[in-house]
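**Student:** Here it is, the structure, as structure tokens.
The values are calculated or read from the model by the stated rules, or taken from the named source; none is laboratory data. These numbers were taken from a predicted model, which means no experiment stands behind them. Neighbour counts are summed over all protein chains in view; Cβ atoms, including those assigned to glycine, are modelled from backbone coordinates with ideal geometry. Quick note on the areas: whole protein, heavy atoms, side chains included, nothing else; ligands and nucleic acids left out. Shrake-Rupley method; radii C 1.70, N 1.55, O 1.52, S 1.80 Å.
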Amino acid sequence: MDKNGLILEKEKEVLIKMKTIDTNECHSMFGNYIKTARMRKKVSQCAVAEALGISQSYLSYIEMGKREIDLALAFKLCDVLELDMRDFINKHM
């Protein structure tokens, strides 16, 4: 399976799991997951935001669970922080 096919399978898995929980709760849990990983790696919000092509303030709002995030950006965040989205799903959903 090519990379795009793999991403589509991951996105399907995420969508199925997300249907069972409140959207705001999901944003909050994901934001916490990202912030914890970023801090553990001792990487600044500015560095992560720059790697993603987003503003530091937008990343801050994502980490606080105050902003919606599309799946493509969620997967990019996981890539930048060397995380596996399946770990998040298995632990939190």
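**Student:** If you scan the stretch 24-68, which residues turn out to be in a loop (DSSP other than H, G, I, E, B), under 19 Å from LYS91 (Cα atoms) and among the aliphatic types (A, V, I, L, M)?
**Tutor:** Passing the criteria: only MET64.
**Student:** While we're looking at this one, here's another question. Provide a single number: the residues in the stretch 73-93 that are under 20 Å from ALA47 (Cβ atoms) and of a type in the set (A, V, I, L, M, F, W, C).
**Tutor:** Result for the stretch 73-93: 8.
**Student:** Mind listing whichever residues of the stretch 68-93 are open to solvent by 60 Å² or more (accessible area, probe 1.4 Å) and at pLDDT below 90?
**Tutor:** If the condition is that a residue be open to solvent by 60 Å² or more (accessible area, probe 1.4 Å) and at pLDDT below 90, then GLU68, ASP70, ARG86, ASP87, ASN90, LYS91, HIS92 are the ones that fit.
**Student:** Right, next: Going through the stretch 19-57 one residue at a time, which ones are open to solvent by 60 Å² or more (accessible area, probe 1.4 Å) and modelled with pLDDT under 70?
**Tutor:** Of everything in the stretch 19-57, those that are open to solvent by 60 Å² or more (accessible area, probe 1.4 Å) and modelled with pLDDT under 70 turn out to be LYS19, THR20, ASP22.
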